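What follows is a single structure, written as C-alpha cells, with notes after it.
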C-alpha cells in the first residue's frame with residue numbers, strides 16, 4: 001500500500017509528466033520536434049543565469065497574487081479583483097516612490113506599505129458591500145478591476161505627468177532593484193522582491209493557521225451560520241479578509257513598480273498578474289506553500305516558453321497550448337490521484 | 001416455502017479496517033412492512049446500499065422473488081423493482097413535482113416531453129396510492145412531507161415493487177408522520193413491500209409486520225412485531241437494557257435565571273412570529289417548550305441567543321438585561337445553546353473536532369495568548385471532553401463531518417455544557433439520534449439541572465417533552481398558551497393544546 005505521503009509526492013510528478021506528454025503529442029501532430037521544444041523551454045527558464053534571474057523575477061508577483069486569491073478563498077471569498085489591486089498597488093508604489101525624498105530605510109518601507117494599503121482599499125469596498133448589503137464579491141471585484149485600470153491610466157496621464165504615457169522613474173531610495181543581483185544574473189531584472197514574496201507567504205501561513213484572526217476567517221469561510229452562532233462578527237471578517245487579500249495583491253503591484261520596472265505606464269489592457277494569481281492559488285490548493293510552488297511552476301513555464309519559438313521554432317500559439325496543457329494536467333491531478341488509489345486498491349485484493 | 005420478495009442471505013461487506021456487515025440475513029415477504037432496526041453506524045445503510053447496487057458484497061447471495069440476482073448498480077436494482085427513498089432527498093428544487101418524477105424517464109411525443117401525459121400519469125399514480133401531491137407545484141414551494149411523497153412517487157413511477165425508506169420520519173413533523181404511516185399502509189394494500197430503516201421503536205410497533213435487528217454489523221435476528229415490545233427491541237438493538245423513562249429526582253427550582261417579558265420577534269420576512277411572550281426558567285429546572293414546528297420556537301431561541309433582533313420586550317438573565325446583545329455577549333453572560341440544526345449552526349464541519357470544541361472560546365486563555373492559538377491546549381481540552389462525553393471519533397484531529405450524527409451532537413453538548421453556563425438552551429437535542437445516544441443526552445441534561453443550571457428545552461417530540469420537563473410551556477402562534485406540569489396532563493391533551501385549543505378544557509394551572 002502506498003502511503004498518503006508517497007501519493008502526495010507522486011501525483012504532482014505524474015501530472016506534470018502527463019502534461020508534458022500531451023504537449024509533446026500536439027507538437028508532433030503539427031510537425032515540430034517536442035524534445036527540441038522542451039529543451040528550449042528548460043533552457044529558457046534555467047539555461048543561463050540571465051534566464052534564471054528573469055524566471056525568479058516573474059515568480060515574485062505570481063507568489064503574491066496567488067497568496068491574495070488563496071487568502072480570500074480560505075475565508076470563503078472569491079477575489080477576482082487581484083488584477084485591479086495589483087494596478088492600484090503598482091500605482092501607489094510608484095507615486096510614493098517618485099514623489100518623496102527620504103533615506104532608503106524610510107522610503108522603501110513607506111512605498112511598500114502604500115502599495116499594500118492601496119490594494120487593501122481596493123479590497124475593502126467589495127468586502128464592505130458584501131458584508132453590509134450581501135452583494136456578491138465576484139461582480140464587484142470584476143468592476144473594480146476596470147475602475148482601477150482606467151483610473152490609474154487617467155492619473156498617470158493627467159496628474160502624475162503632463163499627458164505622458166508613463167510616470168517618472170522612482171527614486172533610488174525606493175527601489176528594490178539591486179546592482180549585485182543584476183550582476184550575478186547577467187543583468188536580468190531580478191530584484192529583492194522575491195524575499196518579500198516569500199516572507200508574505202510565511203505571514204499568510206502564520207496568520208491563517210496559527211492566530212485567532214485566522215481561526216475566525218477560516219470558520220467564516222467554511223460556515224457563516226456557525227460563525228455567527230459562535231459569536232464571531234461575520235461582516236467584519238469578510239471585510240478583513242478582502243483587505244488582507246487586496247493587500248497581498250497590492251504588494252504584487254509594488255514588485256513591478258519598485259523592482260522590475262521602476263515606473264508605471266498607462267496600460268491599454270490588464271497585466272494578467274491578478275488573473276494568473278487565480279490559477280496559481282487554485283493550483284496550490286489555496287495554501288501558502290502551495291501558492292509558492294504553483295507560482296514557481298507558472299513563472300518557469302511563462303519565462304521558459306519565451307525561448308521556444310526562437311530556439312526550437314515552435315510557434316508561440318502552439319507554445320501557449322502546450323503551457324495550457326501542462327497546467328491543465330496539474331490542475332486535474334485529482335483524477336490522477338483517484339486513478340492511483342483505485343489501481344492500488346484493486347491490487348491489494 | 002414462504003413467499004419472499006427479497007432475500008439477502010449471509011451478506012458480508014467489508015471496508016478497509018472494518019466489517020460493516022457480517023453474515024446478515026434479511027428476508028422480506030410480499031406485501032409486508034419490514035423494519036430494519038439498528039443504532040447509528042450499525043450497518044443498516046450499508047446493507048441497503050448493497051441491495052440497491054451501490055456496494056458489492058464480499059459474500060452472500062441476493063434473491064429477488066426466489067431468483068438469484070447480481071445487483072451491480074442502481075439501474076439493475078430499478079429494473080428489478082427496487083426503489084429507494086434516501087433520507088436526504090434527491091430532488092431538483094427548481095423543477096415541478098411532475099418534472100422531478102419523470103426525470104430520466106420522460107414520456108415523449110415527437111421528441112419533446114409530453115408534459116400533459118406526464119402530469120396525467122403522475123396524478124393517476126398519486127390517486128391510486130393515496131399520495132396527495134400537486135403535480136404542477138415547484139419543489140421549493142412544497143413542504144418536506146410532500147417532497148417525501150414526491151420521492152416515493154418517483155420510485156413507483158419507475159415500477160418499484162419494493163420500497164426502501166431510509167429514516168423517513170427523521171425530517172417530518174408529527175402530523176406528517178401520521179400521514180406517512182397512512183400512506184405506507186395503503187401502499188402495502190396495493191401489493192408493494194416496504195423496508196423501513198429506522199431506530200424509532202414507536203413507529204415499528206405501529207406499522208411494521210416484522211423487524212430485523214442488526215447491531216455493530218452483526219445480524220441479531222428477525223422478530224414478529226406482534227410478539228414483541230419496545231423494551232425487547234431496544235435491548236436487542238443496543239445489547240443491554242435501556243431505560244425509556246429517564247430516572248430523575250424531583251426538581252428543586254431556585255431563583256429565576258431567564259425571565260422574558262412581552263417579547264416580540266419577527267422572522268426574516270418581517271412577519272411577527274413571537275407575539276408578546278412571557279416565560280421564566282428557574283435554576284434547577286427544565287422547562288420544555290412543546291409546540292408544532294413553526295409557532296415561533298426558532299425565533300424565540302434566536303432572540304434569546306442574540307442571533308435575531310427582538311422588536312420589543314425584555315430578556316433578563318440573572319437580572320441582567322441581555323435583550324439584543326450580540327451572540328458573543330450573550331454567550332459570555334452565561335448562555336449555552338445546543339442548536340436545532342447542528343450542521344448549519346452547531347459545527348464547522350470542515351474543522352477538526354478539536355477546533356470545533358473551542359468555537360466560542362478560542363480567543364480566551366488557555367486556548368490563545370496574544371492572538372496566537374495554542375493548539376496544544378486546544379487539543380488537550382478536546383481530548384478531555386471526548387473522553388468525558390464518550391464522543392466516538394478516530395481522533396481529535398478528525399473533521400467533524402466524518403463523525404456520525406450522534407457523536408457530532410455529543411461533541412456539541414460537551415462543548416456547551418463544559419462552559420458551565422447558567423442557562424442551557426437545548427433545541428431538538430436528540431433529533432435523528434438512536435436510543436443509546438438519546439439516553440446519554442437526556443441524562444446529561446438532567447445532571448446539569450441537578451447542578452442548579454436552568455435548562456430550556458425545545459422539542460417537537462412529545463415523549464421527550466413529557467419525559468424531561470419539570471414544567472411544560474405550550475407554544476402556539478407565537479405565545480405561551482398554557483403552562484402545565486407533566487404529571488397533570490397526558491399526550492392527547494398536550495397535543496390538543498399544541499393545536500391551539502383552549503386550556504380550560506384540560507384544567508391547567
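Derivation of every value follows stated rules applied to the coordinates shown; laboratory data play no part. From a predicted model like this one, the values you see are computed outputs, not experimental measurements. Heads up, the Cβs are rebuilt from the backbone with ideal geometry, glycines too, and the neighbour counts pull from every protein chain shown.
Expressed in nm², what is the orientationally averaged projection area of the convex hull enclosing the Cα positions of chain A? That works out to 20.8 nm², a quarter of the Cα hull's surface.
Per the Cα gyration tensor, the range B:114-184 maps to an equivalent ellipsoid with semi-axes of 20, 15, 10 Å, ordered largest to smallest. For the residues of A:216-229, the average number of beta carbons from a partner chain within 10 Å of their own beta carbon is 6.
In whole angstrom, note down how far apart the Cα centers of the range B:48-91 and the range B:430-509 are. So the two Cα centres are separated by 41 Å. Relative to the longest principal axis of the Cα atoms of chain B, helix B:405-418 runs at roughly 0 degrees. Protection proxy ranking, highest mean first, for peptides B:346-352, A:29-35: B:346-352, A:29-35, where packing is the per-residue count of other beta-carbon atoms within 10 Å, averaged.
How well do other chains shield peptide B:344-350, expressed as the mean number of their Cβ atoms within 10 Å of each residue Cβ? Other-chain Cβ atoms within 10 Å of each residue's Cβ, averaged: 6. Label positions at residue B:222 and residue A:207, each projected 7 Å from the Cα along the C-beta direction, are separated by 6.3 nm. By other beta-carbon atoms within 10 Å, ranking B:199, B:343 with the fewest at the front produces B:343, B:199. Multiplying the residue separation of residue B:451 and residue B:404 by 0.36 nm and subtracting their alpha-carbon distance yields 14.0 nm.
Each peptide in B:221-233, A:149-161 receives the mean, over its residues, of other Cβ atoms within 10 Å, and ordering these scores from highest gives A:149-161, B:221-233.
Helix B:375-388 against the longest principal axis of chain B: what's the angle in degrees, Cα atoms only, rounded to the nearest 10? Taking the Cα atoms of chain B, the angle to B:375-388 is about 70 degrees.
The residues B:110, B:89, A:52, when put in order of fewest to most other Cβ atoms within 10 Å, stand as B:110, B:89, A:52.
Note on the protein assembly as shown: antiparallel DSSP beta bridges, both residues inside, total approximately 60 percent of the bridges counted.
Roughly what angle does helix B:174-189 make with the longest principal axis of chain B, taking Cα atoms, 0 to 90 degrees, to the nearest 10? Helix B:174-189 and the main axis of chain B meet at about 10 degrees. A Förster radius of 51 Å combined with the Cβ-Cβ distance from residue B:73 to residue A:234 puts the calculated FRET efficiency at roughly 0.75. With helices as the sole contributors, chain A gives -25000 deg cm²/dmol at 222 nm; each DSSP H run of n ≥ 4 counts as -39500 (n - 2.57), and the sum is divided by every residue.
Take the Cα coordinates of the range B:310-356, assign each an equal point scatterer, and use the Debye formula without solvent to give log10 I(q)/I(0) at q = 0.14, 0.18 Å⁻¹. Relative scattering, expressed as log10 I(q)/I(0), comes to -0.48, -0.70. Its convex hull of Cα atoms gives the range A:213-316 a direction-averaged projected area, equal to a quarter of the hull surface, of 9.3 nm². For chain B, the mean residue ellipticity at 222 nm estimated from helices alone is -9500 deg cm²/dmol, where every DSSP H run of n ≥ 4 contributes -39500 (n - 2.57) and the total is divided by all residues, rounded to the nearest 500.
Restricting the calculation to Cα atoms, the protein assembly as shown yields a radius of gyration followed by a Dmax of 32.5, 101 Å. Estimated at 0.36 nm per residue, the fully extended path between residue A:165 and residue A:99 surpasses their Cα-Cα distance by 22.0 nm. Take each residue in B:322-334, count the other chain C-beta atoms within 10 Å of its C-beta, and the mean is 2. Each of the peptides A:311-324, B:430-443 was scored by the mean count of other Cβ atoms within 10 Å over its residues; in descending order, highest first, they stand as B:430-443, A:311-324.
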